[in-house]
Amino acid sequence: NLVAVGLLYRYGYFSQVLSAQGDQISQYNPQDFLKIPADAANRLMVSVHTYSPVDFTLEDRRETWGVGDRKEADEREIINLFRSLNEKYTSKGIPVYLGEFGCDAHRTEEGEACRLHYLTLIAQEAKKANIPVVIWDNGQPGAGAEHHAYFNHNNGAIVPGSEKIIESLAKIYK
């Protein structure tokens, strides 16, 4: 795994800067790591996953996102990701779909508001770039690292606390 991460850094997949607060912020510039073969039948598409920033979306090390001094930098990271995907692929007729994205359930009301804002912004920017999305649901209820339950896997009901998220995403893609 470390070899793969090293190669991704070496070939420019990850590009990070430090904010004035000392946070690492990912930047997504148009990437050339994916060479799409000639597609005479026009059947290829690009699949992308995103969980950035991982300290907020997966690791349960950050309770807020998109607020205070970090608001602009946090939002810009998402906007830049989808602008890059649009410039590189969708604007050229190459379909892209976001095959996986999500965010840990958080323990505080503020954290849950940030989670809703994050997931909504992902969907809004993806739609602007003509990219459909698939939210990752691992069925793990509660709050904390890797708790990505939006639907009950036994009966299909929306997991309590996820109602606003599902409503927001559905409204964007209506």
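The values are calculated or read from the model by the stated rules, or taken from the named source; none is laboratory data. Just so you know, these numbers come straight off a predicted model, no measurement behind them. We place every Cβ from the backbone using ideal geometry, glycine too, and count neighbours over all the protein chains shown. These area figures cover heavy atoms from the full protein model, side chains too; ligands, DNA and RNA do not enter into them. Shrake-Rupley method; radii C 1.70, N 1.55, O 1.52, S 1.80 Å.
Place a +1 charge on the Cβ of each Lys and Arg in segment 126-171 and a -1 charge on the Cβ of each Asp and Glu, then give the dipole magnitude about the Cα centre in debye, rounded to the nearest 20.
280 debye
Charges only on Cβ, +1 for Lys and Arg, -1 for Asp and Glu: so what's the dipole of segment 55-123 about the Cα centre, in debye to the nearest 20?
Magnitude of the dipole: close to 420 debye.
Using a probe of 1.4 angstrom, how much of the accessible area of segment 32-174 is carbon and sulfur, in percent?
Roughly 53 percent of what the probe reaches on segment 32-174 is carbon or sulfur.
Projecting each Cα onto the charge dipole of segment 72-129 (Lys/Arg +1, Asp/Glu -1 at the beta carbon, about the Cα centre), which of 81, 96, 124 comes out farthest on the positive side?
Going by the Cα projections, it comes out as 96.
Might you tell me the accessible area per residue for segment 57-174, computed with a 1.4 Å probe and given in Å²?
Per-residue accessible area for segment 57-174 comes out at 52 Å².
Given 0.36 nm per residue, what is the gain on full extension from residue 73 to residue 170 after removing their alpha carbon distance, in nm?
Here the segment from residue 73 to residue 170 would lengthen by 32.3 nm.
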